[in-house]
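No lab work stands behind these numbers, since they all come straight from the coordinates. Keep in mind the model is a prediction, meaning the values are calculated, not measured. Cβ placement follows ideal geometry from the backbone for every residue including glycine, while neighbour counts extend to all protein chains displayed.
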Amino acid sequence: MGVHKPADLTPLAAGWLRDYNEAPWRRYMRALEERGLLAAVGGIRVDAGALFETRFRCDTKICAGLDRSPGTESCCTDYDVEITPAEQARIVEHASGVIELLSRHDGERVTPARGIAGFFEEAHALSLAKEKGRCAFSYRDAAGQLRCGLHSLALEKGIPVASIKPLACVLFPVVIYRFEDGEILLTATSRETSSLFGREKDWQLPCLRAQQGEPMFSECRMAIEAGFGEAFYQRLTLAAKEFEQTKRRSP
């Protein structure tokens with residue numbers, strides 16, 4: 001019996017599919033380049049405005065406290081996080097440690113005998129379950145601030161956070177977009193980019209609106225290294241210094 005070759009898309013359909021996904025991102029990159037805000041680091045296109053100029057600090061006290069005001073969003077409570085089967089497997093591999101940590105900090109909700117399966121929502125997509133209006137893997141510390149149980153477990157065990165915490169959670173608010181031709185843009189959630197991936201209100205998160213703390217690339221070092229490695233981050237740091245020096249020389 002012969003093997004059937006998969007049918008190819010017509011040029012019209014292939015072009016439409018590519019442009020439908022990529023054209024807004026291409027226009028955004030062109031706008032960055034026209035404003036002198038598009039850098040190149042190790043073959044990666046870098047949004048200098050978002051990574052070098054934007055200030056950011058991940059502070060759960062301003063978005064995930066018990067006393068947060070109505071309508072104040074938090075990436076750890078309001079967002080649905082889709083994960084890959086490999087990420088689920090890594091969490092399940094650490095199931096006993098996850099349950100022990102959560103039962104220690106959130107004993108009323110998580111008992112030592114609880115199974116790990118209930119922490120996931122499984123349909124056609126895999127996602128982290130929500131309980132009491134927040135991620136099932138979260139807990140509140142003694143001060144009432146929301147913490148990630150997966151992140152805390154990694155720190156306790158002295159293992160890389162990304163070895164157990166889903167990459168979507170590690171990366172936020174860093175954004176990686178890969179074009180069909182393999183070109184990659186490294187940017188971050190902002191007023192301009194949030195509309196590109198259908199989350200127009202993301203830029204209104206308190207941590208992003210505050211514009212406080214270190215430059216985005218510095219505060220998000222762990223996320224960037226998880227995606228591109230330590231050597232790339234060092235090159236990115238040099239690029240940030242060069243960008244700052246160039247900006248100071250500009251009239």
Can you give me the C-alpha center-to-center distance between segment 93-123 and segment 15-34, rounded to a whole angstrom? 42 Å
If a paramagnetic tag sat 7 Å from the Cα of Q211 along the Cα-Cβ line, which residues of segment 39-79 would have the backbone N under 11 Å from that point? 54-55
Residues of type aspartates and glutamates that K241 reaches as a straight line, Cα spacing below 15 Å, ignoring anything fewer than 8 places off in the same chain: D47, E53, E214
Please report, in debye to the nearest 20, how large the charge dipole of segment 76-164 is about its Cα centre when each Lys and Arg carries +1 at its beta carbon and each Asp and Glu carries -1 there. 260 debye
List every DSSP H helix in the chain whose Cα atoms extend 18 Å or more along the helix's own long axis and whose mean Kyte-Doolittle hydropathy is at least -1.0. 11-34
Specify the residue with the greatest mean-square fluctuation among S69, S103, S194, computed from a Gaussian network of the chain linking alpha-carbon atoms under 10 Å apart. S69
Cross-link partners among aspartates and glutamates for K157, C-alpha distance below 20 Å, same-chain residues fewer than 8 apart left out? E87, E93, E100, D106, D141, E225
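Pairs of Cα atoms under 8 Å, at least six residues apart: use those to get the relative contact order of segment 76-164, whole percent.
On the way: 103 pairs, mean separation 27.5, N = 89.
Computed value for segment 76-164: 31 percent relative contact order.
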Check the straight Cα-Cα distances from K130 and name the lysines below 24 Å, setting aside those fewer than 8 residues away within the same chain. K61, K165, K201
When the convex hull of the C-alpha atoms of the chain is computed, what volume per residue in Å³ does it have? 183 Å³
Whose amide H sits under 5 Å from the amide H of A188, counting only residues 5 or more places off or on another chain, with H placed in the peptide plane? V175
